[in-house]
1. Which ones in the stretch B:471-499 are open to solvent by 10 Å² or more (accessible area, probe 1.4 Å) and assigned to a helix (DSSP H, G or I)?
2. Tell me, please, whether a residue that is within 23 Å of A:S74 (Cα to Cα) and either touching a residue at least 24 places away in the same chain (Cβ under 8 Å) or away from every other protein chain (no Cβ under 14 Å) (or both) can be found in the stretch B:275-287.
3. For the stretch A:309-317, check the following and say yes or no: at least one residue is free of Cβ contacts under 8 Å to residues at least 60 places away in the same chain, touching a Gly at 6+ places or on another chain (Cβ under 6 Å), not in a loop (DSSP other than H, G, I, E, B) and not assigned by TED's automatic domain parsing to the domain that holds A:V90.
4. Just a yes or no: is a residue in the stretch A:83-94 assigned to a loop (DSSP other than H, G, I, E, B), at pLDDT 80 or above and assigned by TED's automatic domain parsing to the domain that holds A:D13?
5. Which of the residues spanning the stretch A:182-205 are buried (at least 18 other Cβ atoms within 10 Å of the Cβ), of a type in the set (S, T, N, Q) and within 13 Å of chain B (Cβ to nearest Cβ)?
6. Do we find a residue being under 14 Å from B:I222 (Cα atoms) and part of a loop (DSSP other than H, G, I, E, B) anywhere in the stretch B:175-192?
7. Does B:P546 satisfy the criteria of being outside the structural domain of B:R458 (by the TED database), over 30 Å from B:C225 (Cβ atoms) and in contact (Cβ under 8 Å) with a residue 12 or more places away in the chain?
8. All but one of (1) surrounded by fewer than 18 Cβ atoms within 10 Å (Cβ to Cβ); (2) within 29 Å of B:S79 (Cβ to Cβ); (3) more than 9 Å from chain B (Cβ to nearest Cβ) hold for A:I7, so report the exception by its number.
Amino acid sequence: MISQVFILSSKGDHLIYKDYRGEAGSDVINIFYEKVTALTGDQPPVVMSHKDLHFIHVRQEGLYWVATTTAADSSPFTIIEFLNRLTALVKDYCGSLSEKSVQMNFALIYELLDEIVDYGYIQTTSSDVLKNFIQTEAVSARPFSLFDLSNVGLFGAETQQSKVAPSSAATRPIQSSREGGKSEIFVDVIERMSVVIGSNGVLMKADVEGEIRVKCYMPSCSEMRIGLNEEFSIGKSQLRGYGAAVRVDECSFHQAVRLDEFDSHRILRLCPSQGEQTVMQYQLSDDLPSAPPFRLFPTIERDTGGRLLMYLKLRCDLPPKSAAINVCATIPVPKGSVSLSQELSSPDQSAELKLQSRAVHWMIPRFPGGTQLSALFKLEVPGLSSASMLEVGPVGLSFELPKLTVTGLQIRFLRLSPIQPGPSQRWVRYVTHSDSYTIRI
Amino acid sequence: MCDFPFFSLVCTGEIFELKAELNSDKKEKKKEAVKKVIASMTVGKDVSALFPDVVNCMQTDNLELKKLVYLYLMNYAKSQPDMAIMAVNTFVKDCEDPNPLIRALAVRTMGCIRVDKITEYLCEPLRKCLKDEDPYVRKTAAVCVAKLHDINAQLVEDQGFLDTLKDLISDSNPMVVANAVAALSEIAESHPNSNLLDLNPQTINKLLTALNECTEWGQIFILDCLANYTPRDDRESQSICERVTPRLSHANSAVVLSAVKVLMKFMEMLPKDLDYYGTLLKKLAPPLVTLLSAEPELQYVALRNINLIVQRRPEILKHEMKVFFVKYNDPIYVKLEKLDIMIRLASQANIAQVLAELKEYATEVDVDFVRKAVRAIGRCAIKVEQSAERCVSTLLDLIQTKVNYVVQEAIVVIKDIFRKYPNKYESVIATLCENLDSLDEPEARAAMIWIVGEYAERIDNADELLESFLEGFHDESTQVQLQLLTAIVKLFLKKPTETQELVQQVLSLATQDSDNPDLRDRGYIYWRLLSTDPVAAKEVVLAEKPLISEETDLIEPTLLEELICHIGTLASVYHKPPSAFVEGSRGVQHKRLPGSAGSGESADSPDTGSAAGVSEAPPAVIPSQGDLLGDLLNLDLTPPTTSGPPPAPSSGMQMGAMDLLGGGLDSLVGLLHAAMGAGFGAPPTAMPASFPPPVSGGLDDLFDLGGSVGMPMGAYSPPKSIWLPAMKAKGLEISGTFARRAGVIQMEMTLTNKAMSIMTDFAIQFNRNSFGLAPAGPLQVLTPVGPNQSIEVALPLSTVGPVMKMEPLTNLQVAVKNNIDVFYFSSQYPISMLFVEDGKMERQVFLATWKDIPNDNEAQFQIKDCHLNSDAASSKLQGSNVFTIAKRTVEGQDMLYQSMKLTNGIWVLAELRVQAGNPNYTVMSRLVFVLTCSGANHKDYKTESREV
């Protein structure tokens, strides 16, 4: 049971405060803020308590979303899920999440809070249900920006119909569609991979977590059919046909998804509610269909001048047509490293030594598949010993693989039925992120 | 106007302005004004002065405005109860509104106005709304009953709302059912004995049906309610499990975890041999793994719960080790939880993998994490015996890195490994000692000191090492001080001769110069133990320690059982029972797992959770650090992983402390001091067991002496050894030996004065002993002994003194007095000096007696490395009054038959076999009871004969 809900800015300003059960006063907000700011890094921030009151919070977009409870049997799981839903709802309703958008839409948020929780019992967080009750209009907090004019042609004329939606297209309040906004559907296939490659180059662990997310700006609910690869299979036993099967270990679906055509044709049917929802989640572990995207060949030695030499060759094993972007390799270096000199294989790369985190960051903005880059780092480490050589590594990589899913999951088609009146647009995006990509040295 | 129009300051003038706007005719303006009011309210400004004006805006058909006004009302009604009455009419009217949204809104808001006066107006509208045709209104009304119950429980009962609520459980709308269940559950909590939420198979069935239809949040209410139900038998339990299982694949992790809770609980009732039981176990793993792909916050909560589940049923996740490997970018609190679970899942099958991971972690950057990883390696060693060796070598590798905190952490865990596998890995001690200087954390220092103390006999310079710690004794933390005290006492008991000074020093530091009562008391206890009964001290301090086991850090089974019932709740995150963090306000019930059904299986599998099975389990678990000692006695400030004294001395310590407190504190302390100080001088007399005097070694010496032919024949006399060190006798050092010269037993002593002053007035006395030895005359020290002077004295002894059996038999306790003090020491005399000159037996008598002595009076042993022929041996022995009666040669073996007689008339007959070229002699000795002698037994003669 939730006793209070409040939203604080990162500086501790009270943005929203809602008391459901009258069990504690609003002074607990400050207590919470003191507690949360006093936390050190290794203390789990999830649940904190003050006398009889337990604070559970999540941080989203720099804001603290806090719920308090007094009942011992309330579930932190429920409350964290609820807070995550709340942030998603606020984002859906206000278009974006920020201190400003929360401030400007406080009346709307209070109205939401009233409907989704009653006396501490969570009632619903489905935007389909909520749209029947919510009266307040959202105030868009999007700042005026010249960049928004980018797809507006000369004299305001619409340029050629773009095949690419502007990146801001998916951040607007859902209700604006009521007033004749474009009816659009965005489908994102997002995968996160965590990989561990051993020092001998052997792939020790490779997990992929993926999800299909739908963001819907349709005024009325109509049925949507999402077709996945036909050779998509779940679990090891269930291989379908021959050839390049797309396989995942585990799969779970949003409760609104109907699976009657899934077994036979791999089609998900659902009536998307307005706003964002995760339609399907899946995991794959240890059995990637292709080689891991990056390989590292390090040589680490001490030169005669007592400096640490790191010669790194990084190979991208993606198909040649794809490319990784925003690649950043983090190489931990020995304690006491003072300075770094570098030789990089192309000018767009950069590298720097972060003393605070004791690591060299090697940044590669774009890394096409099938190519190889190299870098030579010379580190000045006073008193370098063989023991401190052990402190080098493991290398962590972060990157983004646009237009690519490592599992090979694709969306064959996206159909709306009945056919929507008026112009409607459907967008599909694929992206794979690195969750944790570690290469041991 | 600025960016945030609603957040500008509210000053008096502004309130005035708002008032005007609130009373405006224009709807838009009114709405904006109310918004401004609410914005001010949010940031904590007092806008209660506007109450009447805002309430005036209530009567509107604009739903948005109405909602805003209600929001304001909920906030301020409590502080303005009289004004709130003004709103009641509108509420009652709104409850009749044709729009269900408005009806629900009115009921909801009225319930939130926590003013007693309003409640009586609430009853009628509520009754209507509970029977409303619209489910949205009904579900809101159901919650309102709970609200009203909180304000006025009696009223709710009188009005019969509870029955209506119960009827709602059978409502057609699942949302209404869910809210009714939630409301009833809460009301039932405050009436623990009422049968409000009467769970019977029929209602359970209804709930299970609603479960499939209602929203995710409603499912949570229902699942939590189901978890409180106890099925009648395993069949019902199975059918509920079957219907709950589909929830495991829900996208909402809260639903998943509630379902897990229900399943974990009902699983207790299923017989383990059931196929379904295995299926269920398999089904539980994937959803738990899935939880780990959520946000870090949820992951953390999930891991805390998984930690409990793994302890209860490790089989669920035993194949999923890999998912708990930490990711580079996990937050530290997630990493630490994962490590914990990794250790719990570690087994022989996966230990290699786990260890490789842990070793990687130990080289990471994050200090806390690295420490925990090093600890984890130690815990693996303790848990999986087969891996211990590999763990130890991994730890040694880590110590080689010389990274300070890694070394310290490694030393702490190696100490635990020593405790688990004593006498197995001590070869690493040398490596540990190398790192002594780099230790700066109390725990690591204490661990190292423990190791040094525990293995003092294997570390040559243990006393130096400990002494180096002693220098900064007062700057150490209590943990280290206590450990140092114990370690030095251990050292003293093991190597008493060299460490007298050290132990005295530490005892006085602990007892006199410390403010810490624990330290002082422990010091006194040791002091008293050492001075009164060193044997007991040895038994206590060097007692065998219980082995630590991997269960040490498991949650105690009964608590675990309770926590399993609270999976998914706060208790599962804190790992504490709800009663520990909720004050009595709400009824806290101790939940228990249901007993298992199927009578036959509890016998072969006691861990199914039947109460009996659980209560049997705990004794095997050794209470972990400080659980028992610390909590029970509240004595040790520090967790005695570092092997504080075993419980016995602690309780003794407490008694001692009570003694102290009982009497006049100061005088008693003084007395104690004096007594102990005096007593402490005594230990040498009282410590025979721990000081094997250097007399033994006997026979070899004897034969060596005999080897040089020119030596005058005479009784063997061992070289002089120090009996009383100067340190313990205020400068008087006594070394001496015993000899038999011309038929007279003599004690030959060298008295050395190592003090600064002259010593005079020497006197000597013996304690009663086995052979009645007593000084035959006074100690002949005629001149005073100056500083650094020594004097030789020979004291003739008689054997007519009082007799008492000593242990060992030849022990002699001596008191020496001089002008300074009385000193006590003990020494052992060689039995050979008691052999009398007339010990030669007649041959016939010898033969007859030899045959008459029963076999159990016989002992046989070998004398090694004696390079004498039988004749030389015989003549040599004769000098010590061991007479050869006869000699036979059989198959190249010389057999000497010998006799000897003790001063008290006991005969010893022996057969000595000497084989030419074999340096080992075999002695078979038989003891004759000519006199019934006090307590002399064969065993003693065995040792004694060996010396000859």
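1. Those that are open to solvent by 10 Å² or more (accessible area, probe 1.4 Å) and assigned to a helix (DSSP H, G or I): B:H474, B:D475, B:T478, B:Q479, B:Q481, B:K494.
2. yes
3. Within the stretch A:309-317, the first condition is being free of Cβ contacts under 8 Å to residues at least 60 places away in the same chain, and the residues that meet it are A:315-317.
Narrowing the set further to residues that are touching a Gly at 6+ places or on another chain (Cβ under 6 Å) leaves A:316.
Filter once more, keeping what is not in a loop (DSSP other than H, G, I, E, B): A:316.
Next cut, not assigned by TED's automatic domain parsing to the domain that holds A:V90 only: A:316.
Checked against the condition, which is being free of Cβ contacts under 8 Å to residues at least 60 places away in the same chain, touching a Gly at 6+ places or on another chain (Cβ under 6 Å), not in a loop (DSSP other than H, G, I, E, B) and not assigned by TED's automatic domain parsing to the domain that holds A:V90, the stretch A:309-317 yields at least one hit.
4. No, that holds for no residue.
5. Hit for the stretch A:182-205 is A:S194, nothing else.
6. Keep residues of the stretch B:175-192 that are under 14 Å from B:I222 (Cα atoms), which gives B:175-186.
From the residues that got through so far, the ones that are part of a loop (DSSP other than H, G, I, E, B) too are none.
No, there is no match, as no residue in the stretch B:175-192 is under 14 Å from B:I222 (Cα atoms) and part of a loop (DSSP other than H, G, I, E, B).
7. In short, yes.
8. It is condition (1) that A:I7 fails.
The values are calculated or read from the model by the stated rules, or taken from the named source; none is laboratory data. Because the structure is a prediction, the values reported are computed rather than measured. Cβ: placed from backbone, ideal geometry, glycine included. Neighbour counts: every protein chain shown. To get the accessible areas, we keep the full protein, side chains included, count just its heavy atoms, and leave off ligands, DNA and RNA. Shrake-Rupley method; radii C 1.70, N 1.55, O 1.52, S 1.80 Å.
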